[in-house]
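Peer 1: After the structure tokens below, expect a handful of questions from me.
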Amino acid sequence: MLIDGDLVESSSGRRFDNINPATEEVIGQVADGTPADTDRAIAAARRAFDTTDWPTDREMRARALLQLQDALESERELYRQELIDETGMPRSLVASAHLDATLEDALRFPAGMIRDFAWERSLDPVAKGGQVVRRTVRKEAVGVVGAIVPWNVPLEVTLHKLGQALATGNTVVLKPAPDTPFNATRLARLVVDKTDIPPGVLNVVTSSDHLIGEALVTDPRVDMISFTGSTATGRRIAEKAAPTLKRLFLELGGKSAHILFDDADLDVQLPLAARWVTAHAGQGCHLPTRLLAPRSRYDEIVERVRAEMEQVPYGDPNDPDVHMGPVISARQHERVLGYLRLGREEGARLVTGGRRPAHLDKGFFIEPTVFADVDNSMRIAREEIFGPVLVVIPYDDEDDAVRIANDSQYGLAGNISTQDPERALRVASRLRVGVARINGSDPYAADAPFGGYKQSGLGRQNGVEGFEQYLQTKTLGLPDTFR
């Protein structure tokens with residue numbers, strides 16, 4: 001772990017196993033942090049924020065982030081294999097989304113924002129109490145940030161959180177998921193060995209105990225929680241953070257709809273629908289897991305999407321031709337299988353998949369699965385399964401499609417497939433989501449705000465909006481005699 005500038009073991013001396021989800025084998029061990037370790041990390045972050053120049057020295061922060069960028073680049077290929085081994089994400093997806101795309105801009109964008117951002121602005125003077133008052137608005141770091149990261153895309157989320165939190169002058173205690181700790185401990189070593197980031201500015205506490213993160217939420221020395229994960233955990237964080245009224249960024253779950261209109265190019269959009277929902281075995285909060293199909297073409301679409309799902313290559317994530325690997329753990333495997341049983345019990349028609357692959361006796365694999373004749377009130381249409389499961393729901397017309405898409409507690413993302421630009425933009429404006437993708441166009445990047453409406457969270461990751469959420473606003477009144 002990294003605490004106050006030192007790479008340390010747990011105060012208990014204990015370690016826990018890191019399991020490869022594709023082989024079920026132990027790939028190594030990591031320090032099993034304790035509440036005492038978390039306390040030390042918070043104290044270090046508090047001290048670094050209160051007593052060093054990190055919050056005010058923008059030039060130092062920009063230099064340090066670019067040093068970290070170079071350090072990450074120097075171990076890119078080691079990261080690549082490590083991410084495949086601990087997440088089960090296929091090599092092709094690590095290349096396109098998790099590692100390479102993230103390294104392109106996750107740190108470079110906020111480092112550039114340090115230079116370009118309007119840290120201070122002046123308001124027009126006002127007359128108050130017989131004097132002229134000059135007014136200035138400043139942006140300052142929030143303070144100590146507790147960053148809690150999920151297991152599905154751990155490095156991507158970590159770097160986007162750290163890039164913006166550190167660029168804005170905050171100090172951080174990072175809590176990686178126990179299922180995927182190695183990418184964070186590698187980062188800790190790179191910070192120590194290859195950057196000028198002062199001790200205490202970044203701390204990394206690994207632990208098999210999920211409740212270690214709760215200590216960050218309840219501790220009054222922590223000023224903000226930046227969390228990515230499930231809506232259920234997000235609600236608990238909001239509840240536990242209420243007594244200290246700390247700032248929250250919560251990027252939570254989704255049950256995104258893909259509205260397939262009758263003029264959509266099915267030869268393009270149905271293969272894309274299958275690839276979306278099986279990406280990383282369906283373990284993505286934004287993935288379009290509800291396919292809304294026009295009733296006039298419903299049977300045709302169900303049959304064609306079945307064929308597409310059955311052609312998705314899955315298996316060994318090291319194989320460059322594989323698109324889908326395993327789910328992350330035995331616990332998640334059983335959870336997804338439970339939803340597959342539930343779907344049949346609810347009366348949905350299992351079109352394909354629905355079980356563990358017979359030819360894979362090791363690893364937490366699940367067949368790409370399609371349910372048809374799904375009503376939007378069913379639990380498999382309303383709850384986040386986090387597995388390679390697509391539900392196909394019929395609709396009557398545009399208004400009905402929008403109604404069904406919006407009939408969800410979530411509002412993270414939505415897909416629209418049509419060859420009519422006016423309809424695409426009209427429907428996009430009606431969807432209650434934070435991200436709308438038209439014909440598969442994905443806007444995600446470090447400069448694009450990402451987050452959701454409703455119970456998909458609070459705040460935004462990335463973009464100017466994400467940068468600003470790690471900042472406080474201070475308004476100064478100065479007598480006109482001050483120059």
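Peer 1: Are any of the residues in the stretch 194-202 of a type in the set (S, T, N, Q), farther than 28 Å from L252 by Cα, buried (at least 16 other Cβ atoms within 10 Å of the Cβ) and over 20 Å from the mean Cα position of the chain (by Cα)? Reasoning before the result, please.
Peer 2: Keep residues of the stretch 194-202 that are of a type in the set (S, T, N, Q), which gives 195.
Right, trim to farther than 28 Å from L252 by Cα and you get 195.
Applying the additional criterion that residues be buried (at least 16 other Cβ atoms within 10 Å of the Cβ) yields 195.
Then drop every residue that is not over 20 Å from the mean Cα position of the chain (by Cα), which leaves 195.
Yes, there is a match, as at least one residue in the stretch 194-202 is of a type in the set (S, T, N, Q), farther than 28 Å from L252 by Cα, buried (at least 16 other Cβ atoms within 10 Å of the Cβ) and over 20 Å from the mean Cα position of the chain (by Cα).
Residue-wise test of (1) under 23 Å from L107 (Cα atoms); (2) in contact with a Pro (Cβ under 9 Å, 6 or more places away or on another chain); (3) not aromatic (F, W, Y).
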position	(1), (2), (3)
Y410	no, no, no
N415	no, yes, yes
R423	no, no, yes
R430	no, no, yes
N439	no, no, yes
A445	yes, no, yes
F450	yes, yes, no
L458	yes, no, yes
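Peer 1: Please work out which one of (1) open to solvent by 10 Å² or more (accessible area, probe 1.4 Å); (2) within 22 Å of L266 (Cα to Cα) is the condition I393 fails and give its number.
Peer 2: Checking I393 against (1) open to solvent by 10 Å² or more (accessible area, probe 1.4 Å); (2) within 22 Å of L266 (Cα to Cα), the one that fails is (1).
Peer 1: A further question follows. Where in the stretch 372-483 are there strands (runs of 3 or more DSSP E), lying wholly inside it, with at least 1 residues that are within 30 Å of T168 (Cα to Cα)?
Peer 2: On the way: elements: 389-395, 413-417, 435-438, 471-479.
Where strands (runs of 3 or more DSSP E) fall fully within the stretch 372-483 and carry at least 1 residues being within 30 Å of T168 (Cα to Cα), they are 413-417, 435-438, 471-479.
Peer 1: Also: Is it the case that T87 is under 19 Å from the mean Cα position of the chain (by Cα) and buried (at least 20 other Cβ atoms within 10 Å of the Cβ)? Talk me through it step by step, then tell me what you get.
Peer 2: Values: under 19 Å from the mean Cα position of the chain (by Cα): yes; buried (at least 20 other Cβ atoms within 10 Å of the Cβ): yes.
Yes: the conditions hold for T87.
Peer 1: Need the failing condition index for G284 against (1) under 16 Å from the mean Cα position of the chain (by Cα); (2) farther than 24 Å from T180 by Cβ, just the number.
Peer 2: Here G284 meets the rest and fails (2).
Peer 1: Just to be sure I understand, how many residues within the stretch 430-448 are out of contact with any strand residue (DSSP E or B) (no Cβ under 7 Å at 6 or more places or on another chain) and surrounded by 19 or more Cβ atoms within 10 Å (Cβ to Cβ)?
Peer 2: Total meeting the criteria: 1.
Peer 1: Return only the number of the condition from (1) within 30 Å of G325 (Cβ to Cβ); (2) over 23 Å from the mean Cα position of the chain (by Cα) that A106 does not satisfy.
Peer 2: (2)
Peer 1: Just to be sure I understand, how many residues within the stretch 95-119 are open to solvent by 10 Å² or more (accessible area, probe 1.4 Å) and polar (S, T, N, Q)?
Peer 2: 1
Peer 1: So if I check each of D70, D50, which one is surrounded by fewer than 16 Cβ atoms within 10 Å (Cβ to Cβ) and either closer than 25 Å to N152 by Cβ or in contact (Cβ under 8 Å) with a residue 24 or more places away in the chain (or both)?
Peer 2: D70
Peer 1: Say whether the condition of being closer than 19 Å to A274 by Cα and surrounded by fewer than 18 Cβ atoms within 10 Å (Cβ to Cβ) is met by at least one residue in the stretch 357-367.
Peer 2: Here is the first cut: in the stretch 357-367, the residues closer than 19 Å to A274 by Cα are 357, 365-367.
From what's left, surrounded by fewer than 18 Cβ atoms within 10 Å (Cβ to Cβ): 357.
Yes: one or more hits.
Peer 1: Return yes or no: is S122 among the small types (G, A, S), surrounded by fewer than 17 Cβ atoms within 10 Å (Cβ to Cβ) and under 30 Å from V26 (Cα atoms)? Talk me through it step by step, then tell me what you get.
Peer 2: Numbers: among the small types (G, A, S): yes; surrounded by fewer than 17 Cβ atoms within 10 Å (Cβ to Cβ): yes; under 30 Å from V26 (Cα atoms): no.
No: the conditions fail for S122.
Peer 1: If you don't mind, there's one more thing I want to ask. Considering L107, L123, which residue is assigned by the TED database to the domain that holds T52, more than 30 Å from V217 (Cβ to Cβ) and at pLDDT 95 or above?
Peer 2: Residue meeting the stated conditions: L123.
Peer 1: So D399 clears everything in (1) buried (at least 23 other Cβ atoms within 10 Å of the Cβ); (2) under 28 Å from L458 (Cα atoms) except one condition, right? Which one?
Peer 2: Condition (1) is where D399 drops out.
Listed here are the residues, each with its yes/no results for (1) closer than 19 Å to V336 by Cβ; (2) out of contact with any Ser or Thr (no Cβ under 7 Å at 6 or more places or on another chain); (3) open to solvent by 10 Å² or more (accessible area, probe 1.4 Å); (4) in the same structural domain as V402 (by the TED database).
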residue: R275; (1), (2), (3), (4): yes, yes, yes, yes
residue: A281; (1), (2), (3), (4): yes, yes, no, yes
residue: R297; (1), (2), (3), (4): no, yes, yes, yes
residue: E300; (1), (2), (3), (4): no, yes, yes, yes
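Peer 1: List the number of the failed condition for L350; all other conditions in (1) in contact with a strand residue (DSSP E or B) (Cβ under 8 Å, 6 or more places away or on another chain); (2) in contact (Cβ under 8 Å) with a residue 24 or more places away in the chain; (3) of a type in the set (A, V, I, L, M, F, W, C) hold.
Peer 2: Result: L350 passes all but (2).
Peer 1: List every residue pair whose Cβ atoms lie under 9 Å apart, where the two residues are 6 or more positions apart in sequence or sit on different chains, the first residue falls within the stretch 162-176 and is under 12 Å from A188 (Cα atoms) and in contact (Cβ under 8 Å) with a residue 24 or more places away in the chain, and the second residue, located anywhere, is part of a helix (DSSP H, G or I) and among the polar types (S, T, N, Q).
Peer 2: V173/T38; L174/T158; K175/T38; P176/T158; P176/N183; P176/T185
Peer 1: Can you list residue pairs whose Cβ atoms sit under 7 Å apart, with the first residue in the stretch 204-215 being farther than 18 Å from L162 by Cβ and the second being at pLDDT below 90 and open to solvent by 60 Å² or more (accessible area, probe 1.4 Å)? Count only pairs 6 or more apart in sequence or on different chains.
Peer 2: From residues that are farther than 18 Å from L162 by Cβ, there are no pairs.
Peer 1: Where residues in the stretch 320-341 are open to solvent by 60 Å² or more (accessible area, probe 1.4 Å) and assigned to a loop (DSSP other than H, G, I, E, B), which of them is farthest from D17 (Cα to Cα)?
Peer 2: Looking at residues that are open to solvent by 60 Å² or more (accessible area, probe 1.4 Å) and assigned to a loop (DSSP other than H, G, I, E, B), I get D321.
Peer 1: Then there's this: Residue check, L360 against (1) closer than 28 Å to D442 by Cα; (2) part of a loop (DSSP other than H, G, I, E, B), all met but one. Which one?
Peer 2: Every condition holds for L360 apart from (1).
The values are calculated or read from the model by the stated rules, or taken from the named source; none is laboratory data. Quick caveat, the model's predicted, so the values are computed rather than measured. Cβ: placed from backbone, ideal geometry, glycine included. Neighbour counts: every protein chain shown. Just so you know, the surface numbers come from the protein's heavy atoms only, side chains and all, with ligands and any DNA or RNA stripped out. Shrake-Rupley method; radii C 1.70, N 1.55, O 1.52, S 1.80 Å.
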